[in-house]
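Working notes, structure below.
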Ligand code: UD1
């Protein structure tokens, strides 16, 4: 199994390009299921999760063409509206095929994702929404089985803000009969990007980026071409990596407006951050100040950046309180960071991080995607060599990670 070896203590300096957003690409590729015409996507990141989704779509009968970062999907040949357990267990986002399949085929069989390292993560809101739109949903033998005549537009109020839940229901509603209103909708930038893609395909959607979405169903959607937005979590991760090393970086193809809460915290930590149309520049001070934070749905601080900021706080001056409100079990990186010498105490959903003078390289284990990213951030500043095991998690979400870090001067290599 691959490992990542990092020689810490080098100041990151230079320029790299940000990739397309994984969490935008996953739902947007699923949107191609809604049309019988080919849809082309550009800026699709080359990641394990994207490969898993494309394999799933191909297994359903979708024609998949991929050339570098451009993907064309033709779902005119869709024959098998099924997402088997073997696929869904490796990537929870496979649940995003449920809404499009129900709307386009009137039938879907999708495995329940089950729990994952960061918590239980049920999909009850996805199911409840489809039922409210008239679908007959049976959960048996670990599968969600949906049968429905044409879905009917209705008013939906989700019990909590759910990103993929909102995306699934928005896609289903775009082919429903009549108007669907989704209240308490997620406002993440990836929802807005999905709405842009669906609109280019002929959907009628207003309110994307607010907590009330209105979707006027249409009988069919047509082919289109859509450019995937930049990855705000990848951007935030490189900003943190530069910040902990006292570095100076320029990130191109980034979208600063999707990162307000993260940039605010970096400024609070003592960094200078400047942005223009699609470039972000960060200059870090020699010593960072500890920053407390609380995760919450967008536009508040993203849970997907919590682990990287915990790593940053490990070497900052002062004490930070990091509160996680989205997932119940998202502090597994804390014990690994402790192996590097961090001073962290967990109290329920709050981690109290007391900055230390230095971290020391050690062997640590990646437990999920963003936990792994936090270990990379910590490894870059730790003295000596840090070995991160199980880096397949990183390959799920960071395109050309070693190459990009090396371009900033980091000493990283992949080993067996
Ligand atoms: C998405 C992101 C993930 C991010 C998360 C929160 C993708 C592919 N993944 O995950 O990177 O960490 O948003 O920003 O975009 N919940 C329920 N029932 C449901 C749905 C959700 O109880 O039916 C709960 C979850 O367990 C969690 C909370 O709601 O506690 C938010 O989860 P949700 O926004 O749905 O996360 P994902 O969409 O899975």
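Listed values, structure above:
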item	result
Hits in region 80-91 - residues which are free of Cβ contacts under 8 Å to residues at least 40 places away in the same chain and within 14 Å of the ligand (Cβ to nearest atom)	88, 90
Residues located in region 262-296, provided they are buried (at least 19 other Cβ atoms within 10 Å of the Cβ) and assigned to a helix (DSSP H, G or I)	262, 263, 265, 266
Residues (within 16 Å of the ligand (Cβ to nearest atom) and part of a strand (DSSP E or B)) located in region 1-40	20
Test: residue in region 81-95 that is out of contact with any helix residue (DSSP H, G or I) (no Cβ under 9 Å at 6 or more places or on another chain) and buried (at least 17 other Cβ atoms within 10 Å of the Cβ)	no
Condition broken by residue 59, with the remaining ones in (1) away from the ligand (no atom under 16 Å from the Cβ); (2) within 13 Å of residue 97 (Cα to Cα); (3) in contact with a helix residue (DSSP H, G or I) (Cβ under 7 Å, 6 or more places away or on another chain) satisfied	(3)
Subset tally (residues that are part of a strand (DSSP E or B) and under 21 Å from residue 105 (Cβ atoms)) for region 172-187	2
Condition met for residue 177 (surrounded by fewer than 20 Cβ atoms within 10 Å (Cβ to Cβ) and within 11 Å of the ligand (Cβ to nearest atom))	no
So residue 102, is it more than 10 Å from the ligand (Cβ to nearest atom), in contact (Cβ under 8 Å) with a residue 40 or more places away in the chain, over 17 Å from residue 191 (Cα atoms) and touching a strand residue (DSSP E or B) at 6+ places or on another chain (Cβ under 9 Å)	yes
Residue that is touching a strand residue (DSSP E or B) at 6+ places or on another chain (Cβ under 6 Å), buried (at least 24 other Cβ atoms within 10 Å of the Cβ) and farther than 16 Å from residue 11 by Cβ, where the choices are 310, 305	310
Residue count for region 42-52, restricted to those that are surrounded by fewer than 24 Cβ atoms within 10 Å (Cβ to Cβ) and in contact with a strand residue (DSSP E or B) (Cβ under 7 Å, 6 or more places away or on another chain)	3
Near pairs, Cβ below 6 angstrom, 6+ apart or cross-chain, from region 177-196 (more than 15 Å from residue 21 (Cα to Cα)) to any residue that is assigned to a helix (DSSP H, G or I) and within 15 Å of the ligand (Cβ to nearest atom)	182/169; 185/166; 186/163; 186/166
Checklist (1) more than 15 Å from the ligand (Cβ to nearest atom); (2) touching a helix residue (DSSP H, G or I) at 6+ places or on another chain (Cβ under 8 Å); (3) over 22 Å from residue 125 (Cβ atoms) applied to residue 48, failing item	(1)
Qualifying residue in region 154-162 (condition: modelled with pLDDT under 95, in contact with a strand residue (DSSP E or B) (Cβ under 7 Å, 6 or more places away or on another chain) and more than 9 Å from the ligand (Cβ to nearest atom))	no
Test: residue in region 311-330 that is in a helix (DSSP H, G or I), within 16 Å of the ligand (Cβ to nearest atom), more than 23 Å from residue 210 (Cα to Cα) and touching a helix residue (DSSP H, G or I) at 6+ places or on another chain (Cβ under 7 Å)	no
Output for region 331-370, where each listed residue is assigned to a loop (DSSP other than H, G, I, E, B) and more than 26 Å from residue 411 (Cβ to Cβ)	331, 348, 349
Complete set of residues in region 359-374 that are away from the ligand (no atom under 16 Å from the Cβ) and either within 18 Å of residue 322 (Cα to Cα) or modelled with pLDDT of 95 or more (or both)	359, 360, 361, 362, 363, 364
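Results for (1) touching a helix residue (DSSP H, G or I) at 6+ places or on another chain (Cβ under 6 Å); (2) modelled with pLDDT of 95 or more; (3) within 13 Å of the ligand (Cβ to nearest atom); (4) part of a loop (DSSP other than H, G, I, E, B), shown as yes or no for each residue.
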site	(1), (2), (3), (4)
109	no, yes, no, no
114	no, no, yes, yes
134	no, yes, no, yes
139	no, no, yes, no
170	no, yes, yes, no
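Every residue, every condition in (1) part of a helix (DSSP H, G or I); (2) under 30 Å from residue 63 (Cα atoms); (3) within 16 Å of the ligand (Cβ to nearest atom), yes or no:
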site	(1), (2), (3)
202	no, yes, no
205	no, yes, no
215	no, yes, no
219	no, yes, no
225	no, yes, no
238	yes, no, no
242	yes, no, no
249	no, no, no
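The values are calculated or read from the model by the stated rules, or taken from the named source; none is laboratory data. Keep in mind it's a predicted model, so treat the numbers as computed, not measured. Glycine gets a Cβ as well: all are built from the backbone with ideal geometry, and neighbour counts include every protein chain shown.
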